[in-house]
Amino acid sequence: MANYKLQVNGKTLQADVEADTPLLWVLRDHLGLVGTKYGCGIAQCGACTVHVNGSPTRSCVYPVSAVGSSQVITIEGLSEQGDHPLQKAWDEIDVAQCGYCQAGQIMTAAALLKQNPKPSMDEIEVTMNANICRCGAYHRIREAVKLASSKI
Amino acid sequence: MKSTTTNSRRDFLKMTAITGGGLVLGFNWFSAEANAPVKFSSIGAGDVGFNSYLSISTEGTITILSPNPELGQNIITSFPMVVAEELEADWKKVKVLQANLDNKFDRQLTGGSGAVPHSWKLLRNAGATAKFMLIEAAAKIWSVPASECTAANSFVIHSRSGKKLSYGELAEAASKIPVPSTVKLKDRKDFKLIGKSVRNVENLKIVTGKPLFGLDFYREGMVYAMIQRPEQFGMKLKSFDGSIAKAMPGIIDVVSFKNNVAVVGKSTWQVLKARKLLKIEYEKEFDLESTEDHDKLFMNLMDNGQATVRRKDGDVDAAFKSAAKVIKGEYQCPFISHSPMEPMNFFAHVRPDGVELVGPTQTPARARAEVSQLLKIPEDKITLQLTRLGGGFGRRLKNDFATEAAELSSIIKAPVKLIWTKEDDMTGGTYRPACRYRFEAALDSSGNLTGYKLRGVGINSGNPTREHNFPSGAVDNLLIDSVEHKSAITTGAWRAPITNFLAFAEQAFLDEVALAAGKDPVQFRLDLLAKAKKSPVGDIRYDISRMEGVIKMAAEKSGWGKKKDVSQGFSVYFSHASYVAQVAEVIMRNGLPVVKKIYAVSDCGQVVSMNGASHQVMGGIVDGLGHAMYSKLSFRDGAADQNNYNNYRLIRMKEVPEIETHFVDNGIDPTGLGEPALPPTGGAVANAIFKATGKRMRNQPFIEEDVFKTVS
Ligand code: FES
Ligand code: FES
């Protein structure tokens with residue numbers, strides 16, 4: 001066990017955990033940030049996506065010991081009022097079905113738009129193809145990313 | 001428009017015990033007969049156990065309780081929409097709450113596409129009753145006849161005098177009005193909300209990561225647990241040594257019950273790691289089956305199995321003997337897992353004075369009954385709080401995770417959150433059963449279908465046929481029977497049970513028969529339906545006109561038979577009381593068939609929320625296509641070969657075709673939509689692939705068929 005000081009959503013938070021604990025479980029079990037979801041635990045579905053220094057990162061396979069002083073942003077910290085263009089587009093297009101995958105979808109898309117604010121449909125697909133939505137909301141996910149990009 | 005609303009004295013007395021302001025009406029959303037709205041004297045209706053209610057506070061906030069488990073079918077939005085429509089409520093002032101389990105809900109479950117159909121009239125009566133009382137209250141205040149007052153947008157208006165009062169202002173006075181014995185419902189042409197696109201009321205919580213789901217539930221002092229179950233179906237626990245696991249950091253206990261060894265600890269990760277260190281010995285209880293055995297078994301049972309006759313019309317033997325042409329086709333599907341995104345989980349706290357359960361289940365009442373039976377604790381001592389479900393697809397109809405959590409909590413005497421990993425879920429059973437079908441058709445010399453035989457063989461499938469579905473009723477001589485094999489591999493309902501595969505097999509076979517008869521597949525189906533209409537054979541349980549309706553509209557919308565650059569495939573299916581026809585369009589790219597577009601025409605009666613309905617159809621099609629194309633679970637010595645998304649393939653964004661949805665607007669009461677769009681998809685796609693390649697898809701997943709292996 002070791003004490004980790006983590007920069008999460010602009011705050012310094014502490015957790016007493018073992019070095020190999022995935023960031024996902026530190027966020028969920030120790031920091032009470034449950035917006036980041038556990039889907040597969042093996043970097044296949046993207047439900048656990050957070051930003052580490054701006055890069056989309058699958059927190060289920062990212063050990064806490066690797067975080068260091070990096071800035072971690074989770075869905076709870078994406079915007080203060082839930083009004084990031086993607087969050088607004090997700091509501092406008094009414095993307096979610098069960099909703100379980102959507103935090104990961106939004107975080108994946110947010111990283112894409114940060115690096116490429118005007119992606120083509122193809123670029124959106126290539127990126128978003130890495131995230132699974134078991135409910136099959138893929139059409140609306142694609143549309144919402146496009147809509148958000150038009151508002152940036 | 002009729003409805004009765006006599007209240008039992010007992011209920012009324014119970015409610016007057018509470019004080020407060022506003023109008024509160026309690027309802028039994030799910031009663032089988034006409035509803036009986038019951039007036040409360042306070043907003044605290046929920047506190048006295050009337051969890052299904054509609055309340056209007058003096059500030060004008062309208063609160064509607066949604067009693068069904070929410071798993072993405074968006075019932076939490078469509079239920080209140082129906083109430084708000086009749087109430088003439090300002091939708092912006094409507095607040096929706098998820099109800100906890102209540103004894104008064106006799107149909108508090110999600111499954112079988114039945115929620116909206118079941119409650120349609122009751123919900124409308126609820127809204128209309130409240131509106132009636134608000135109008136009466138206003139009329140009394142203004143001393144005008146109620147018939148001169150109207151309601152709109154959360155106001156009652158007397159247009160002759162220009163007077164206007166808000167629902168909030170009227171709520172208190174309305175609560176003094178007697179509950180009417182009959183109310184008039186709106187004409188559907190006056191609907192303002194129903195049939196429109198209304199967004200999911202939980203969107204904001206979903207996109208900001210609020211704790212909505214079972215796995216997000218946290219209770220001070222709770223412990224985390226995982227269970228090691230036998231990896232092979234057919235094995236049982238012999239002995240275990242948990243000493244190494246127990247010595248790991250954060251581990252509180254290792255305990256065993258039934259075939260389970262549970263590791264209990266302070267965090268998910270510590271439990272996950274320690275569980276790998278358990279030393280467990282299992283012993284054989286039943287046969288350890290493999291997919292290879294199943295393939296042989298299917299062939300053997302198909303010819304020699306003990307068949308149960310499901311339906312028999314006319315004389316099939318004679319029909320086949322005198323046939324000009326006989327067509328045979330066989331189709332097979334593997335087991336598949338439900339694998340909802342959110343893995344199974346449940347919270348349980350078994351205390352001396354009662355049990356608290358929290359979590360995602362499609363059948364909360366059943367969960368409580370099972371826990372009650374297991375722990376010998378009366379049901380009224382057990383509470384169940386429903387969370388949002390991260391998908392269900394039928395998996396959460398079974399409550400093994402809830403009973404496990406309760407049993408574990410009773411052993412360790414602590415509040416516990418039991419978590420299944422994705423691997424636990426995928427290898428843990430209750431799969432869609434593997435089935436094989438053999439179809440035979442007899443044609444006379446003019447290409448008429450004179451005989452039809454179907455034998456279904458299933459592994460733990462129950463009846464793998466739906467003997468009264470089309471084309472039953474349209475064929476003079478017909479025999480449908482089935483053979484079942486009992487296995488240790490557990491199965492359960494999977495979205496659109498049985499028909500999720502049967503529909504593909506049947507619709508592909510009808511395509512084969514149409515071709516052999518030299519007829520267009522759409523016309524062939526219409527001819528059969530015309531025959532069923534003119535001279536029905538035996539029992540017909542589907543509505544011929546509704547089926548014809550979706551077939552014709554799908555042909556028209558898709559430009560059936562008129563397109564040169566795509567290969568089209570047709571399919572139509574009746575399931576769970578609704579009708580869906582689909583046309584799939586396939587093109588060849590690099591020598592491989594690619595599904596470009598699917599048209600879907602649904603007749604589900606009145607659409608409640610247009611976007612909600614179209615999401616269900618699109619999701620159903622993506623689900624149907626994905627599982628037909630890619631997914632399978634195979635077994636070796638009773639153990640699943642696939643255990644997570646790296647080796648169990650689910651459809652992804654790049655693989656989804658364009659989807660165009662249409663709805664038949666016929667004014668029939670809603671007949672449900674959570675499942676009916678899924679069954680037709682596999683058949684439409686398989687028939688389009690045949691058109692494009694000349695190859696018939698015989699087995700799911702299609703991706704293992706030869707056409708997907710030959711790259712030019
Ligand atoms: S949970 Fe991390 S990728 Fe699936
Ligand atoms: S909305 Fe259910 S998994 Fe994506």
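The values are calculated or read from the model by the stated rules, or taken from the named source; none is laboratory data. None of the values given here were measured: they were computed from a predicted structure. Methodologically, a virtual Cβ is constructed for each residue, glycine included, from the backbone with ideal geometry; neighbour enumeration extends over all protein chains shown.
Residues to consider are B:ASP539, B:ASP527, B:ASP511; find the one that is in the same structural domain as B:GLY683 (by TED's automatic domain parsing) and closer than 21 Å to B:ALA628 by Cα.
The match here is B:ASP511.
Just checking, which of B:GLN306, B:GLN270 is part of a loop (DSSP other than H, G, I, E, B), in contact with a strand residue (DSSP E or B) (Cβ under 7 Å, 6 or more places away or on another chain) and of a type outside the set (Phe, Trp, Tyr)?
B:GLN306 is the lone residue from the list that is part of a loop (DSSP other than H, G, I, E, B), in contact with a strand residue (DSSP E or B) (Cβ under 7 Å, 6 or more places away or on another chain) and of a type outside the set (Phe, Trp, Tyr).
From the list B:ASN699, B:ASN687, which one is more than 20 Å from A:CYS135 (Cβ to Cβ) and in contact with a Ser or Thr (Cβ under 8 Å, 6 or more places away or on another chain)?
B:ASN687
So, of the residues in segment B:201-220 that are crowded, with 19+ Cβ neighbours inside 10 Å and assigned to a helix (DSSP H, G or I), which turns out to be nearest to the chain's Cα centre (by Cα)?
Once the filter is applied, the top-ranked residue is B:GLY214.
Would you confirm whether or not segment B:320-340 contains a residue that is assigned to a helix (DSSP H, G or I), buried (at least 18 other Cβ atoms within 10 Å of the Cβ) and among the small types (Gly, Ala, Ser)?
Looking for residues that are assigned to a helix (DSSP H, G or I), buried (at least 18 other Cβ atoms within 10 Å of the Cβ) and among the small types (Gly, Ala, Ser), one finds none in segment B:320-340, hence no.
Take segment A:46-55 and flag every residue that is within 16 Å of ligand 2 (Cβ to nearest atom) and either closer than 23 Å to B:GLN270 by Cβ or without any contact (Cβ under 8 Å) to a residue 24 or more places away in the chain (or both).
Answer for segment A:46-55, where residues must be within 16 Å of ligand 2 (Cβ to nearest atom) and either closer than 23 Å to B:GLN270 by Cβ or without any contact (Cβ under 8 Å) to a residue 24 or more places away in the chain (or both): A:ALA47, A:CYS48.
In segment B:565-622, how many are in a loop (DSSP other than H, G, I, E, B), among the β-branched types (Val, Ile, Thr) and more than 20 Å from B:SER78 (Cβ to Cβ)?
The qualifying residues number 1.
Give the residues of segment B:122-176 that are buried (at least 19 other Cβ atoms within 10 Å of the Cβ) and of a type in the set (Lys, Arg), sorted by residue number.
Answer for segment B:122-176, where residues must be buried (at least 19 other Cβ atoms within 10 Å of the Cβ) and of a type in the set (Lys, Arg): B:ARG124, B:LYS131.
Limited to segment B:226-263, what total is found for residues that are away from chain A (no Cβ under 14 Å) and either part of a strand (DSSP E or B) or of a type in the set (A, V, I, L, M, F, W, C) (or both)?
Count: 23.
Mind listing whichever residues of segment B:55-88 are surrounded by fewer than 24 Cβ atoms within 10 Å (Cβ to Cβ) and part of a loop (DSSP other than H, G, I, E, B)?
B:SER57, B:THR58, B:GLU59, B:GLY60, B:THR61 - these are the residues of segment B:55-88 that are surrounded by fewer than 24 Cβ atoms within 10 Å (Cβ to Cβ) and part of a loop (DSSP other than H, G, I, E, B).
Restricting to segment B:418-459, give me the number of residues that are basic (Lys, Arg) and surrounded by 24 or more Cβ atoms within 10 Å (Cβ to Cβ).
Adding up the residues that qualify gives 3.
Out of (1) outside the structural domain of A:ASN116 (by TED's automatic domain parsing); (2) within 16 Å of ligand 1 (Cβ to nearest atom), what's the single condition that is false for A:GLY99?
Among (1) outside the structural domain of A:ASN116 (by TED's automatic domain parsing); (2) within 16 Å of ligand 1 (Cβ to nearest atom), the lone unmet condition for A:GLY99 is (1).
Would you tally the residues in segment B:297-330 being within 26 Å of B:SER445 (Cβ to Cβ) and polar (S, T, N, Q)?
1
Looking only at segment A:126-152, filter to residues that are part of a helix (DSSP H, G or I) and among the basic types (Lys, Arg); which one of those is farthest from ligand 2 (Cβ to nearest atom)?
A:LYS146
Of these, B:THR681, B:THR671, which one is part of a loop (DSSP other than H, G, I, E, B), out of contact with any His (no Cβ under 7 Å at 6 or more places or on another chain) and not acidic (Asp, Glu)?
Only one candidate qualifies: B:THR671.
Here are some residues: B:VAL179, B:VAL223, B:VAL201. Which one is over 29 Å from B:MET133 (Cα atoms) and more than 10 Å from chain A (Cβ to nearest Cβ)? Spell out the reasoning first.
Details: B:VAL179 fails: over 29 Å from B:MET133 (Cα atoms); B:VAL201 fails: over 29 Å from B:MET133 (Cα atoms).
When all the criteria are applied, what remains is B:VAL223.
Working carefully through the options A:GLN105, A:GLN87, A:GLN97, find the one that is outside any helix (DSSP H, G or I) and within 12 Å of chain B (Cβ to nearest Cβ). Steps first, please.
Working: A:GLN105 fails: outside any helix (DSSP H, G or I); A:GLN87 fails: outside any helix (DSSP H, G or I).
Within the list A:GLN105, A:GLN87, A:GLN97, the selection yields A:GLN97.
Which ones in segment B:641-658 are outside any loop (DSSP other than H, G, I, E, B) and more than 25 Å from the chain's Cα centre (by Cα)? Explain how you work it out, then say what you get.
Narrowing segment B:641-658 to residues outside any loop (DSSP other than H, G, I, E, B): B:653-655, B:658.
Once the filter is applied, which keeps residues that are outside any loop (DSSP other than H, G, I, E, B) and more than 25 Å from the chain's Cα centre (by Cα), segment B:641-658 yields only B:LYS654.
Which is out of contact with any Gly (no Cβ under 6 Å at 6 or more places or on another chain), part of a strand (DSSP E or B) and of a type outside the set (Phe, Trp, Tyr), of B:ALA137, B:ALA151?
B:ALA151
Can you work out which of the residues in segment A:112-125 that are more than 9 Å from every other protein chain (Cβ to nearest Cβ) and surrounded by 19 or more Cβ atoms within 10 Å (Cβ to Cβ) is nearest to ligand 2 (Cβ to nearest atom)?
Here is the first cut: in segment A:112-125, the ones more than 9 Å from every other protein chain (Cβ to nearest Cβ) are A:112-123.
Now narrow it down to the ones that are surrounded by 19 or more Cβ atoms within 10 Å (Cβ to Cβ): A:112-113, A:119.
On the way: A:LEU112: 18, A:LEU113: 19, A:PRO119: 20 Å.
Within segment A:112-125, the match that is nearest to ligand 2 (Cβ to nearest atom) is A:LEU112.
Among the residues of segment A:58-71, are any at the interface with another protein chain (Cβ under 9 Å from one of its Cβ atoms), surrounded by fewer than 19 Cβ atoms within 10 Å (Cβ to Cβ), within 16 Å of ligand 1 (Cβ to nearest atom) and not acidic (Asp, Glu)?
no
For segment A:56-91, give me the residue count where each residue is touching a residue at least 40 places away in the same chain (Cβ under 8 Å) and within 16 Å of ligand 2 (Cβ to nearest atom).
4
Checking the conditions here, which among B:ASN666, B:ASN644, B:ASN687, B:ASN699 is more than 19 Å from B:ARG495 (Cβ to Cβ) and within 16 Å of ligand 2 (Cβ to nearest atom)?
So the residue among B:ASN666, B:ASN644, B:ASN687, B:ASN699 that is more than 19 Å from B:ARG495 (Cβ to Cβ) and within 16 Å of ligand 2 (Cβ to nearest atom) is B:ASN644.
Name the residue, out of B:THR491, B:THR450, that is under 25 Å from the mean Cα position of the chain (by Cα), in contact (Cβ under 8 Å) with a residue 40 or more places away in the chain and not assigned by TED's automatic domain parsing to the domain that holds B:ASN259.
Every option except B:THR491 fails the conditions.
Please enumerate the residues belonging to segment A:1-27 that are within 16 Å of the chain's Cα centre (by Cα) and either within 7 Å of chain B (Cβ to nearest Cβ) or part of a strand (DSSP E or B) (or both).
The first filter runs over segment A:1-27 and keeps only residues within 16 Å of the chain's Cα centre (by Cα), leaving A:7-10, A:22-27.
Correct list: A:GLN7, A:VAL8, A:PRO22, A:TRP25.
Does segment A:106-114 include one or more residues that are within 16 Å of ligand 1 (Cβ to nearest atom), at positive phi and touching a helix residue (DSSP H, G or I) at 6+ places or on another chain (Cβ under 7 Å)?
No, the conditions are met nowhere in segment A:106-114.
Out of (1) out of contact with any strand residue (DSSP E or B) (no Cβ under 7 Å at 6 or more places or on another chain); (2) in the same structural domain as B:VAL82 (by TED's automatic domain parsing); (3) not in a helix (DSSP H, G or I), the odd one out for B:LYS121 is which?
Of the numbered conditions (1) out of contact with any strand residue (DSSP E or B) (no Cβ under 7 Å at 6 or more places or on another chain); (2) in the same structural domain as B:VAL82 (by TED's automatic domain parsing); (3) not in a helix (DSSP H, G or I), the odd one out for B:LYS121 is (3).
Would segment B:553-573 turn up any residue that is of a type in the set (S, T, N, Q), within 15 Å of B:ILE621 (Cα to Cα) and modelled with pLDDT of 95 or more? Break it down into steps so the answer makes sense when it comes.
Within segment B:553-573, the first condition is being of a type in the set (S, T, N, Q), and the residues that meet it are B:558, B:567-568, B:571.
In the following step, the residues that additionally are within 15 Å of B:ILE621 (Cα to Cα) were identified as B:571.
So of that shortlist, the ones also modelled with pLDDT of 95 or more come out as B:571.
Within segment B:553-573, one or more residues are of a type in the set (S, T, N, Q), within 15 Å of B:ILE621 (Cα to Cα) and modelled with pLDDT of 95 or more.
Output the residues belonging to segment B:395-418 that are in contact with a Leu (Cβ under 7 Å, 6 or more places away or on another chain) and not acidic (Asp, Glu).
Listed by number, the residues that qualify are B:ARG396, B:PHE401, B:ALA402, B:THR403, B:ALA405, B:ALA406, B:LEU408, B:SER410, B:VAL416, B:LEU418.
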